[in-house]
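Please read the structure below before turning to the comments.
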Amino acid sequence: MWLQILLIPFVIILFLFFIFWIVHEGSRWQKHPTLGFFARFIQASPRRSFITFFSLFLLLIPAALLLMTGMWVDSLDTEIGPQQVDVVIVMLLVFVVLAMSFPVMYSSLGTWRNAKRAEAEMKVKPTGM
């Protein structure tokens, strides 16, 4: 029971991460009737893109811990007791999800950093010869 209840926030955060990842690139998504809101939100600036992916990545960590806790609590209620194999499989799946979401978040950091660097270079006017 607890696994199913605590699976809901994990799936919602993962679903939002996946939607934002899909619409991250490409202006054609901005006119989409359903995904247009997400595309316009995340494509507004590189900073917003990074903050969105970073916050969703940080929210995935406690949601994953809650998911593993729910698995453990449900296994305590069974007659045979907790089986380490089930908890380890859930933990490995969570680590795979986190490992797949980290590069997306980190690449958006690089995009934001390069945009700030280009903006700073544009502000500095070269001296005339």
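The values are calculated or read from the model by the stated rules, or taken from the named source; none is laboratory data. The structure displayed is predicted, hence computed values, not measured ones. Because the Cβ atoms are built from the backbone with ideal geometry, glycine has one as well, and the counts that use them run over all protein chains shown. What goes into the accessible areas is simple: the full protein's heavy atoms, side chains included, and nothing from ligands, DNA or RNA. Shrake-Rupley method; radii C 1.70, N 1.55, O 1.52, S 1.80 Å.
Worth pointing out:
- Highest to lowest packing among 63-73, 84-94, scored as the average C-beta count within 10 Å: 63-73, 84-94
- Estimated at 0.36 nm per residue, the fully extended path between Ala115 and Val11 surpasses their Cα-Cα distance by 34.3 nm.
- Close amide H pairs (under 5 Å, H built 1.01 Å from N) link Leu35 with no residue at least 5 positions away or on another chain.
- The residues of the chain have, on average, 70 Å² of accessible surface per residue, using a 1.4 Å probe with all protein chains present.
- Of the two radii for the range 86-125, the radius of gyration is 1.43 times the Kirkwood radius, both from the alpha carbons; that is the Rg over Rh value.
- Accessible area of the chain belonging to carbon and sulfur atoms, whole % at 1.4 Å probe: 71
- Taking max minus min of the alpha-carbon positions on each principal axis, the range 1-101 gives extents of 54, 24, 15 Å, largest first.
- Helix-only arithmetic for the chain: the sum of -39500 (n - 2.57) across DSSP H runs with n ≥ 4, divided by the residue total, places the mean residue ellipticity at 222 nm at -27500 deg cm²/dmol.
- Between Tyr106 and Lys31, the FRET efficiency estimated from the beta carbon spacing at R0 = 22 angstrom works out to 0.15.
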